[in-house]
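Each remark here refers to the structure printed beneath this line.
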Amino acid sequence: MLFGGTGDLSRKKLLPALYYLFCENRLPRKARLIGAARSEPEEGFKQFVQAAIEEGVESEFLEAGTVAAFLSTVRFAPISVGEPGGMAALAELLNEDSERRCAFYLATPPSLYTPLVEALAGAGLTGPRATLALEKPIGKNLESAVAINTALAEHFPESRTFRVDHYLGKATVQNLLALRFGNSILEPIWRAPFIRHVQITVAEEAGVEGRQGYYDGVGALRDMVQNHIMQLVCLVAMEPPVRLSGESVRDEKLKVVRALRPITGPAVMTETVRGQYAEGAVGGKPVPAYGDSGSADTETYVAVAAEVNNWRWERTPFFLRTGKRMGSRDTEIVIQFGALPHLVFREQDASKLQPNRLTIRLQPEENIELVLMGSRAGIGMEHMELAPLSLSLSRMGGKPPRRRIAYERLFTDWLNGDQTLFVGREEVEESWRWIDGILAGWAEQGLKPAPYAAGGWGPAEADKMLEDYDAAWRNPGQSE
Ligand code: NDP
Ligand code: BG6
């Protein structure tokens with residue numbers, strides 16, 4: 001049951017993901033899909049679903065019979081949250097079969113989560129056979145997140161609540177877990193002082209793409225750092241969980257969020273940078289400034305120098321940044337290892353040495369790459385000819401598998417009741433606590449977004465921030 005079934009997210013991601021699962025027989029055999037919204041699209045919901053899958057699914061999967069079979073499972077329920085009536089009709093429809101399991105996915109504005117769940121409860125639809133999945137963001141600060149979580153908990157226990165962060169469904173994120181916890185050689189060096197710093201970049205070429213109503217006044221810190229980037233920090237920094245289960249993984253992630261050094265008051269001036277794109281060009285096309293249509297006080301870029309204050313990571317900065325209208329669409333985690341303790345090479349060769357680097361790339365392609373130093377020496381060369389050699393740890397030959405939509409993994413795990421890749425209540429709340437500190441610091445210090453040219457790599461202030469740590473951002477495509 002997809003609340004917000006006619007929305008942007010449903011059209012772009014959720015419906016195509018469900019269709020792929022249907023094609024692969026990964027949905028329960030007798031499953032049906034009910035989309036709900038206040039009004040049915042003019043062309044009808046089935047046509048809306050068909051258009052969404054034709055747009056979002058690779059053509060080789062669009063065999064007419066399969067599309068028709070999928071559409072035969074689809075229904076629409078007109079429900080206006082906050083108004084009586086619709087939910088009772090839905091209850092009648094769903095209760096026709098008391099053995100049926102109900103999986104409710106909330107892809108509506110978050111302000112509807114509480115009234116929606118209360119309405120489900122009022123219609124008797126929150127019993128033990130029902131589970132709930134809901135989109136980010138949960139609230140817009142700690143207080144609102146606690147209010148939503150408290151209201152949900154009255155009707156759905158934590159074991160039946162699945163808070164979605166679609167970054168956890170991305171294949172490379174799971175590969176990161178495999179890399180960290182499926183190899184013994186990395187663990188001893190996965191810590192300070194061997195790792196000098198960690199960089200996480202989520203750069204988008206796109207702007208707010210018709211979502212300005214949501215984005216304006218929210219900004220990059222709340223939209224991306226509180227959730228997606230925080231999850232990436234947790235997966236890089238967490239201790240090995242006892243097992244790969246919802247409970248163990250959440251426990252370890254929570255400890256990371258709790259260990260984040262608070263950044264607030266005057267510290268925001270040196271450890272954070274806010275930016276907003278000015279006019280420029282992206283992909284060769286001119287782009288107007290965000291401020292032409294949006295608020296001057298909404299950041300479309302944010303950079304943070306975070307620290308995880310625990311034994312493993314003491315004094316290892318985690319540089320985080322995200323921005324709209326950047327030079328290219330790139331999401332990557334860079335693990336920068338430290339310099340050599342002692343140089344054995346001749347001066348001429350030594351100048352070519354670079355510290356080792358592990359890059360976990362989520363976008364545009366999914367890959368894990370380790371840069372090691374090697375030598376290109378051959379007969380006749382006077383020197384060692386040291387050079388960085390990169391070792392790709394993904395896609396070792398063969399045709400690459402279809403790149404899945406992150407929601408395919410998440411839907412599958414949700415329907416199987418596996419919470420490993422979902423976010424726990426406490427993580428959400430602790431993350432907001434940290435974000436609220438930064439927001440309060442910005443307000444107190446009157447920190448306004450610095451301009452950066454659309455199509456660039458963010459404001460100069462962000463480069464300066466890293467210089468103060470004797471570090472530099474690695475921009476995608478940067479040569480060695
Ligand atoms: P949209 O505004 O495009 O869609 C909202 C949906 O909710 C529509 O189907 C709308 O239909 C329905 N809706 C709105 N008000 C009501 C109401 N009172 N009663 C019943 N249904 C209602 O939003 P998005 O799809 O962009 O976002 C949905 C959720 O997903 C949000 O929580 C967002 O933060 C999250 N999200 C979105 C992403 C994206 O790329 N779009 C990415 C990650 C998360 P109608 O107006 O007919 O009622
Ligand atoms: C969403 C944000 O959660 O993630 C958007 O609200 C952002 O602003 C999107 O564009 C990025 O997701 P992805 O998977 O395209 O990196």
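The values are calculated or read from the model by the stated rules, or taken from the named source; none is laboratory data. Bear in mind that the values here come from a model prediction, so they are computed numbers and not experimental data. When we count neighbours, we look across all protein chains shown, and the Cβ atoms used for this are built from the backbone with ideal geometry, even at glycine. In case anyone asks, the SASA skips ligands and DNA or RNA and just uses the protein heavy atoms, side chains included. Shrake-Rupley method; radii C 1.70, N 1.55, O 1.52, S 1.80 Å.
Numbers below:
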| quantity | calculated |
| --- | --- |
| Residue that is nearest to ligand 1 (Cβ to nearest atom), among those in segment 86-123 that are open to solvent by 40 Å² or more (accessible area, probe 1.4 Å) and touching a strand residue (DSSP E or B) at 6+ places or on another chain (Cβ under 9 Å) | Leu112 |
| Check on Pro355, within 34 Å of the chain's Cα centre (by Cα), away from ligand 2 (no atom under 13 Å from the Cβ), open to solvent by 20 Å² or more (accessible area, probe 1.4 Å) and not small (Gly, Ala, Ser) | yes |
| Given (1) within 23 Å of the chain's Cα centre (by Cα); (2) open to solvent by 30 Å² or more (accessible area, probe 1.4 Å); (3) small (Gly, Ala, Ser), number of the condition Ala145 does not satisfy | (2) |
| Only listed residue being within 21 Å of Pro137 (Cα to Cα), over 15 Å from the mean Cα position of the chain (by Cα), surrounded by fewer than 23 Cβ atoms within 10 Å (Cβ to Cβ) and in contact (Cβ under 8 Å) with a residue 60 or more places away in the chain, chosen from Gly213, Gly246 | Gly246 |
| Filter pass, Ser10 being out of contact with any helix residue (DSSP H, G or I) (no Cβ under 6 Å at 6 or more places or on another chain), of a type in the set (S, T, N, Q) and within 16 Å of ligand 2 (Cβ to nearest atom) | yes |
| Flag if Leu343 is modelled with pLDDT of 90 or more and more than 16 Å from ligand 2 (Cβ to nearest atom) | no |
| Subset of segment 40-88 [basic (Lys, Arg) and assigned to a helix (DSSP H, G or I)] | Lys46 |
| Qualifying residues in segment 124-142 (those that are β-branched (Val, Ile, Thr) and away from ligand 2 (no atom under 16 Å from the Cβ)) - the one surrounded by the most Cβ atoms within 10 Å (Cβ to Cβ) | Thr126 |
| Selected residue (only one of Val202, Val164 is farther than 22 Å from Tyr105 by Cα and buried (at least 20 other Cβ atoms within 10 Å of the Cβ)) | Val202 |
| Filter result for the condition that a residue is more than 16 Å from ligand 2 (Cβ to nearest atom), among the aliphatic types (A, V, I, L, M), over 24 Å from Arg404 (Cβ atoms) and buried (at least 16 other Cβ atoms within 10 Å of the Cβ), over Ile195, Ile185 | Ile195 |
| Selection from segment 322-344 of residues that are open to solvent by 80 Å² or more (accessible area, probe 1.4 Å) and more than 16 Å from ligand 1 (Cβ to nearest atom) | Leu340, Pro341, His342, Leu343, Val344 |
| Some residue of segment 11-27 being among the charged types (D, E, K, R), away from ligand 1 (no atom under 16 Å from the Cβ), in a loop (DSSP other than H, G, I, E, B) and open to solvent by 60 Å² or more (accessible area, probe 1.4 Å) | yes |
| Verdict on Gln199 being within 14 Å of Tyr290 (Cβ to Cβ) and in contact (Cβ under 8 Å) with a residue 60 or more places away in the chain | no |
| Test result for Gly65, open to solvent by less than 50 Å² (accessible area, probe 1.4 Å) and within 16 Å of ligand 1 (Cβ to nearest atom) | no |
| Matching residues in segment 422-459 - criterion: being open to solvent by 40 Å² or more (accessible area, probe 1.4 Å) and within 16 Å of Thr300 (Cβ to Cβ) | Lys448, Pro451, Ala453, Trp457 |
| Matching residues in segment 162-182 - criterion: being more than 26 Å from Tyr113 (Cβ to Cβ) and either polar (S, T, N, Q) or within 10 Å of ligand 2 (Cβ to nearest atom) (or both) | Thr172, Gln174, Asn175 |
| Failed item in (1) touching a Cys at 6+ places or on another chain (Cβ under 8 Å); (2) within 16 Å of ligand 1 (Cβ to nearest atom); (3) open to solvent by 40 Å² or more (accessible area, probe 1.4 Å), with Met1 passing the rest | (3) |
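Let's see how each residue does on (1) farther than 30 Å from Leu132 by Cβ; (2) at pLDDT below 95; (3) more than 16 Å from ligand 2 (Cβ to nearest atom):
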| residue | (1), (2), (3) |
| --- | --- |
| Ile333 | yes, no, no |
| Leu362 | no, yes, no |
| Gly374 | yes, yes, yes |
| Ala377 | yes, yes, yes |
| Ser390 | yes, yes, yes |
| Arg402 | no, yes, yes |
| Phe411 | no, no, no |
| Val428 | no, no, no |
| Trp434 | no, no, yes |
